[in-house]
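K.L.:
Please find one structure pasted underneath; my questions will follow.
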Amino acid sequence: MQGDYPETVIEVIDSEMRFRPATLRAVRAFASSKPWSGSLEKRKEKFIKVTHDLATAYNVPEPDLRFEQLDGTSSGGSYYLPKMHLIIMSGKLSVVTYLHEFAHALGKDEADACRWSINLFRQCFPRQFSRLIHRGHMLIRPTDVGRVSVTSGTISG
């Protein structure tokens, strides 16, 4: 493993993984909202709503969600600050990255956050999942192949 990350996406895929019904409802509603469409402000609203819905599903305090430097570059600079219960999304609004950071808000380590976010994305966004390329522990768009550094999680160029 690289750090605490799984070496590949395949090693975390689990067809038997189950999620709370409220979690699936929240993320399926998010998928139906088409989080990749609309103005940036409308898209942010969709991410804020799913944050509320997931916190409710897990009966945890809602993490604060902030957006920084949404310039369309890699979402690899996004992170979770446990002491502030704060998710920062940067680069682009990536659903997989968001789910990964929310998993940290649930207390999951890197390996479990990858497992939870990838499997949840796979269940709720099957068409989008099938279109993505596996690079290390990450799912990336085919247009980003060759621009992604697997060790840092960033897109260059």
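FYI, it's all coordinate maths here, none of it is from the lab. Here the structure is a predicted model, which is why all the values come from computation and not from measurement. Don't worry about glycine lacking a Cβ; one is built from the backbone with ideal geometry, like all the others, and counts go over all protein chains shown.
K.L.:
Can you check what the net charge comes to around Tyr98, using other residues whose Cβ is under 13 Å from the Cβ of Tyr98 (Lys, Arg +1; Asp, Glu -1)?
P.N.:
+4
K.L.:
How much length is gained on full extension from Glu45 to His85, taking 0.36 nm per residue of separation minus their Cα-Cα distance?
P.N.:
12.5 nm is the gain from fully extending Glu45 to His85.
K.L.:
Oh, and also: Could you sort out which of Lys83/Lys108; Lys34/Lys108; Lys44/Lys92 sit more than 19 Å apart by Cα distance in this structure?
P.N.:
Violating the 19 Å limit, Cα to Cα: Lys34/Lys108.
K.L.:
Roughly how many debye, to the nearest 20, is the charge dipole of segment 13-137 about its Cα centre, given +1 on each Lys and Arg Cβ, -1 on each Asp and Glu Cβ, and no other charges?
P.N.:
520
K.L.:
How much net charge surrounds Met89 when only the other residues with a Cβ under 9 Å from the Cβ of Met89 are counted, with Lys and Arg +1 and Asp and Glu -1?
P.N.:
Its environment carries a net charge of +1.
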